[in-house]
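The values are calculated or read from the model by the stated rules, or taken from the named source; none is laboratory data. Predicted model, so just to flag it, every value in this text is computed and none were measured. Positions of Cβ are backbone-derived with ideal geometry, glycine not excepted, and every protein chain shown enters the neighbour counts.
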């Protein structure tokens with residue numbers, strides 16, 4: 001693809017390069033060579049842009065000029081994602097049902113479905129059109145799933161769960177496993193609390209590998225439109241996650257928690273139950289949320305506090321031994 005065509009496709013402005021330069025592929029900034037397109041969205045990689053061998057670099061509108069051709073974009077990361085789609089074609093799966101699949105006679109399967117080896121679809125399941133279910137996917141009874149569902153191998157949707165259109169489950173994702181609910185009797189023995197209520201995923205949700213969204217004892221566990229959930233995430237029973245929120249790897253959300261819209265929970269964040277994280281809040285890696293977080297806040301630490309305050313805490317940590325020695329010497 002010529003660089004001029006690429007600029008048009010990405011709604012980017014070509015600068016400092018020939019429109020006829022051929023771009024043949026996509027690569028990271030350090031590995032890129034002639035014929036490759038790369039990008040810079042993180043300022044920490046700005047220096048590498050000056051030495052890259054790529055034929056062109058996607059950069060922001062205010063990025064300083066470099067020797068390579070530049071495609072200036074107001075959102076270089078998104079433009080790079082769109083560029084990948086131009087050069088990479090995802091695997092296609094032809095409609096059909098594998099001979100080893102087990103589908104209950106009461107299940108209703110939409111047009112153009114691809115049902116792979118050893119898939120199990122239980123009674124009264126409703127599955128929309130253009131579904132792709134790869135090997136060993138299991139859909140429990142009474143589940144209702146919209147159009148363009150894509151389930152990778154070993155994904156599971158439990159009984160009565162409801163999924164909207166354009167939902168993707170990566171390998172091993174489990175939707176609607178029992179919530180972690182047990183009541184203790186006078187002898188100290190634990191008794192299981194039934195978890196009959198479903199997990200609900202709205203349109204355009206993606207759940208990545210080995211993550212689990214639990215079902216609830218009352219109400220429902222609800223994941224709103226456009227939410228993206230990374231690998232190894234646990235969402236407890238009865239919790240709700242607002243539209244376009246992002247949950248990174250190993251996030252854990254306890255039961256009955258409210259996560260607002262456009263919230264970002266970064267890696268290994270833990271959120272206790274029965275609290276609220278407001279719209280647009282960001283929780284930095286390995287933080288522990290033990291209470292409500294206001295909308296728009298950026299918090300860090302365990303327990304999580306305002307990020308700027310946490311930076312002050314962190315700056316003091318290395319000085320604590322010296323401060324303790326000074327305090328002890330004054331009290332002698």
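Looking at residue 74, is it over 19 Å from residue 173 (Cα atoms), in the same structural domain as residue 14 (by TED's automatic domain parsing) and either part of a loop (DSSP other than H, G, I, E, B) or touching a helix residue (DSSP H, G or I) at 6+ places or on another chain (Cβ under 9 Å) (or both)?
Working: over 19 Å from residue 173 (Cα atoms): yes; in the same structural domain as residue 14 (by TED's automatic domain parsing): yes; either part of a loop (DSSP other than H, G, I, E, B) or touching a helix residue (DSSP H, G or I) at 6+ places or on another chain (Cβ under 9 Å) (or both): yes.
For residue 74, the condition - over 19 Å from residue 173 (Cα atoms), in the same structural domain as residue 14 (by TED's automatic domain parsing) and either part of a loop (DSSP other than H, G, I, E, B) or touching a helix residue (DSSP H, G or I) at 6+ places or on another chain (Cβ under 9 Å) (or both) - is met.
Out of segment 275-290, which residues are in a loop (DSSP other than H, G, I, E, B) and touching a strand residue (DSSP E or B) at 6+ places or on another chain (Cβ under 9 Å)? Outline the logic, then answer.
So the first thing to find is which residues in segment 275-290 are in a loop (DSSP other than H, G, I, E, B), and the list is 275, 278-281, 284-287, 290.
Listed by number, the residues that qualify are 275, 278, 280, 281, 284, 285, 286, 287, 290.
Going through segment 82-118 one residue at a time, which ones are closer than 30 Å to residue 39 by Cα and not in a loop (DSSP other than H, G, I, E, B)? Break it down into steps so the answer makes sense when it comes.
Just the residues of segment 82-118 that are closer than 30 Å to residue 39 by Cα, to begin with: 82-92.
Listed by number, the residues that qualify are 82, 83, 84, 85, 86, 87.
Of all residues in segment 119-135 being assigned to a loop (DSSP other than H, G, I, E, B) and in contact with a strand residue (DSSP E or B) (Cβ under 8 Å, 6 or more places away or on another chain), which is nearest to residue 95 (Cα to Cα)? Spell out how you get there, then give the answer.
To start, the set of residues in segment 119-135 that are assigned to a loop (DSSP other than H, G, I, E, B) comprises 119, 122-125, 128-131, 134-135.
Retained after the next criterion (residues that are in contact with a strand residue (DSSP E or B) (Cβ under 8 Å, 6 or more places away or on another chain)): 119, 122, 125, 128, 131, 134.
Working: 119: 14, 122: 20, 125: 18, 128: 13, 131: 9, 134: 12 Å.
Per the criteria, the residue is 131.
For segment 31-47, give me each residue that is at pLDDT 90 or above and either more than 17 Å from residue 75 (Cα to Cα) or surrounded by fewer than 16 Cβ atoms within 10 Å (Cβ to Cβ) (or both).
Residues satisfying the conditions are 31, 32, 33, 34, 35, 36.
Could you list, in sequence order, all residues of segment 289-304 that are surrounded by fewer than 16 Cβ atoms within 10 Å (Cβ to Cβ) and either over 11 Å from residue 260 (Cβ atoms) or touching a residue at least 60 places away in the same chain (Cβ under 8 Å) (or both)?
Residues of segment 289-304 that are surrounded by fewer than 16 Cβ atoms within 10 Å (Cβ to Cβ), as a first pass: 290-292, 294-296, 302-303.
The answer is 290, 291, 302, 303.
Within 23 Å of the chain's Cα centre (by Cα), farther than 23 Å from residue 138 by Cβ and touching a residue at least 24 places away in the same chain (Cβ under 8 Å): is that true of residue 90 in this structure?
On the way: within 23 Å of the chain's Cα centre (by Cα): yes; farther than 23 Å from residue 138 by Cβ: yes; touching a residue at least 24 places away in the same chain (Cβ under 8 Å): no.
Spelling it out, it is not the case that residue 90 is within 23 Å of the chain's Cα centre (by Cα), farther than 23 Å from residue 138 by Cβ and touching a residue at least 24 places away in the same chain (Cβ under 8 Å).
So, of the residues in segment 136-160 that are outside any loop (DSSP other than H, G, I, E, B) and more than 21 Å from the chain's Cα centre (by Cα), which turns out to be farthest from residue 204 (Cα to Cα)?
This residue is 138.
Taking segment 123-132 as the region of interest, how many residues are buried (at least 19 other Cβ atoms within 10 Å of the Cβ) and within 17 Å of residue 159 (Cβ to Cβ)?
2
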